[in-house]
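Visitor: Here's a structure for you.
Coordinate-derived values only; no laboratory data. Please read these numbers as outputs of a predicted model, since none were measured by experiment. So basically every Cβ, Gly included, is an ideal-geometry build from the backbone, and we count neighbours across all protein chains shown.
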Amino acid sequence: MTALTSPRFSAALAVQARVVVSLMLREMRMHTKHSRLSYLLELLEPILQLTMMLAVFSAIGRRPDFGTSLFLFLGTGMIPYFTFVHISSRAMGALRSTSLARNLPLVKPLDLLLARAFLETLQLAIVAIVLFGFIYFVIGVRDARPIQPLNAIGAFAAAALMAIGVGIVNGIIGSFFRLWAVVYGVFARSLLFLSAVFYVPDFMPKQIRDWLVWNPVLHAVEWFRTGFFLTYPSVVLDKAYLLSWGIGSIFLGLILERALRRRRVAAR
Amino acid sequence: MIVLDHVTKRYRAHGAGPGKLVLDDLSAVFEPGRTIGILGRRGAGKSTLIRLLSGAMHPDSGRIFRQGRVSFPVGTAGPFVTTMTGRENAWFVSRIYGADPAEVIRFVETHSGLRRDFDRPFSSYTGDKRGRFLFTIAYALPFDIYLADESVIGGPPGFRDWCERLVDARRRQATLIFTTRRPRLLRRFADDAAVLADSRLALFETVRDAIMAFKADEPGAEDEPQAEDEEVWDDDDPLP
């Protein structure tokens, strides 16, 4: 029986990394299988949505709350928001669709979730680079090149981290209540209005601001914007709050996953 | 090597009631390098046992220790994506299990006899082609422990002979654990035998003893009409 000790941590980690990378490649292949164009459109969805919003705001003659370019102001709000919403809802789907994990026992539901989340993160990073590249080169807004790149990258990573954590928690809830995806979808859409995508929280009346600051996505947007605008007013920004949400949700998600694993399998 | 340590599995009843006890306090050691055939009637818990061994399912209580790479149940289509081609499926499954994709693909290409269908979507495969693909890919992957639920070999008749030789070649290095209700399959492949009945696993000294005990349990069981598993196995098909 001594031979049957648990595998070493490094060996187990190597297996997991291999599985997750394989799943990412597989996911990409399955996306492009149907049609390359639809995959491209899916990738560019944030940009399309941004264009729509821009068209509406331009039509009603709205000026950016900060900076000179409405495009850049909305873009810096949309990218962290989209990062959070996309990853958290797509990750939820991965944990619920468990047929592969049932058929390939080496693949655990969490691997599927991580693969989906990493792939989404990668895609959104590309989308962000394309978007700000476009604003910089084509529209000619010099501010689109982040003046403090580390702030922008840090905010993006923090948003992705929290999205993965919330995605795990969502996936667990979703495997018990099918309707949770719909509920969360409504919630995620309303976050668009609560996350400072098209306004500056510091310019809001105090009684509204005091409520808004509870939303962690707002802090991701604030942090992201400080990467682009040197003088961006960010009194409300609390990085520790955002990171606590990220780490807290990941811990909660992993604990729930482990504690409810058997019941989750039975509930399928 | 796989060790079962007081494994119990119960299916929850829909509504009230204690549910069905499928496996009751099972303990067993499956030694490396052996082929173990497990006989059991319909509903005895054969598939449940294979799924527990593979890790696709967790026991209610007790533990399962595995050493070595354990396969997915041989001959099942579950691991494969229907929209991807045979080649792509082979590539991804090899990658996930850490095998060399090029080598696995070469093996499947040479031996499955799929020819141009290897590059067509898996969903377009007919029954024969599916069998050829599923069994070749499963045995192409270098597992230490192969698991099979009823379907140790399969595919069209001509392919089946080659498949049998392939299984024999794998048995020389690896462990094979299969469940079946056909004593004939045990006679052909098994080194060790066990009978799964009444939620318990009884191990026997020899394959012959196991088959005798299995048949004594219900005389003439082998002649029962078996309409449901036309998929892979045909009982009239003679085994050498």
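Visitor: Working from the alpha-carbon coordinates of chain B, get Rg over Rh, Rh being the Kirkwood radius.
Guide: Working: Rg = 18.1 Å, Rh = 18.7 Å.
Radius of gyration relative to Kirkwood radius: 0.97.
Visitor: Sticking with this structure for a sec: How do A:F57, A:F187, A:F156 rank when sorted from fewest to most other Cβ atoms within 10 Å of their own Cβ?
Guide: Values: A:F57 17, A:F187 13, A:F156 21.
Placing the least packed residue first, the sequence is A:F187, A:F57, A:F156.
Visitor: Per the Kirkwood formula on distinct C-alpha pairs, the Rh of the range A:9-56 is how many angstrom?
Guide: Details: mean 1/r = 0.0761 Å⁻¹.
Roughly 13.1 Å, rounded to one decimal.
Visitor: Translational diffusion coefficient, Stokes-Einstein: compute it for the protein assembly as shown using the Kirkwood radius over C-alpha pairs as Rh, at 20 °C and 1.002 mPa s, and state it as an integer in µm² s⁻¹. Numbers along the way, then the final one.
Guide: On the way: Rh = 26.0 Å.
Answer from the Stokes-Einstein relation: 82 µm²/s.
Visitor: Tell me the angle of helix A:70-96 to the major Cα principal axis of chain A, expressed in degrees between 0 and 90 and rounded to the nearest ten.
Guide: The helix A:70-96 is inclined about 10 degrees to chain A.
Visitor: While we're looking at this one, here's another question. For the range B:93-178, take the convex hull of the Cα atoms, compute a quarter of its surface area, and give me that in nm², please.
Guide: Numbers: hull surface 22.6 nm².
Quarter of the Cα hull surface area: 5.6 nm².
Visitor: If neighbour count is taken as other Cβ atoms inside 10 Å, put A:S234, B:S61 in order from fewest to most.
Guide: Values: A:S234 18, B:S61 12.
So the residues, fewest neighbours to most, are B:S61, A:S234.
Visitor: Moving on to the next point. Provide, for the protein assembly as shown, the number of lysine pairs with alpha carbons under 22 Å apart, each pair being eight or more places apart or on different chains.
Guide: Values: A:K33/B:K129; A:K108/B:K9; A:K206/A:K239; B:K9/B:K20; B:K9/B:K46; B:K20/B:K46; B:K46/B:K215.
Counting lysine pairs in the protein assembly as shown gives 7.
Visitor: Further, regarding this structure: How large is the direction-averaged shadow of the alpha-carbon convex hull of the range B:72-142, in nm²?
Guide: Values: hull surface 15.7 nm².
That works out to 3.9 nm², a quarter of the Cα hull's surface.
Visitor: Looking at the protein assembly as shown only, what percent of DSSP beta bridges run antiparallel? Nearest 5 please.
Guide: On the way: 18 of 34 bridges.
Within the protein assembly as shown, antiparallel bridges account for around 55 percent of the total.
Visitor: With only Lys, Arg, Asp and Glu charged, each at its Cβ (+1 for the first two, -1 for the last two), find how big the charge dipole of the range B:132-217 is about the Cα centre; round to the nearest 20 debye. Don't jump to the answer; show the numbers that get you there.
Guide: On the way: 14 positive and 12 negative charges, 69 e Å.
Here the size comes out at about 340 debye.
Visitor: Using only the alpha-carbon atoms, how far is helix A:109-134 inclined from the longest principal axis of chain A? Give it as 0 to 90 degrees, nearest 10.
Guide: Tilt relative to chain A: about 20 degrees.
Visitor: I need the Debye-formula profile for chain A: one equal scatterer per C-alpha, no solvent, reported as log10 I(q)/I(0) at q = 0.09, 0.11, 0.12, 0.13 1/Å, two decimals.
Guide: -0.45, -0.66, -0.78, -0.89
Visitor: About the Cα centre, and with charges only on the beta carbon of Lys, Arg (+1) and Asp, Glu (-1), how big is the dipole of the range B:72-142? Nearest 20 debye, please. List each step's numbers first, then the result.
Guide: Values: 9 positive and 7 negative charges, 34 e Å.
Taking the Cα centre of the range B:72-142 as origin, the dipole is about 160 debye.
Visitor: Pairing the Cα long axis of helix B:207-217 with the longest principal axis of chain B, what angle in degrees results, from 0 to 90 and rounded to the nearest 10?
Guide: The helix B:207-217 is inclined about 60 degrees to chain B.
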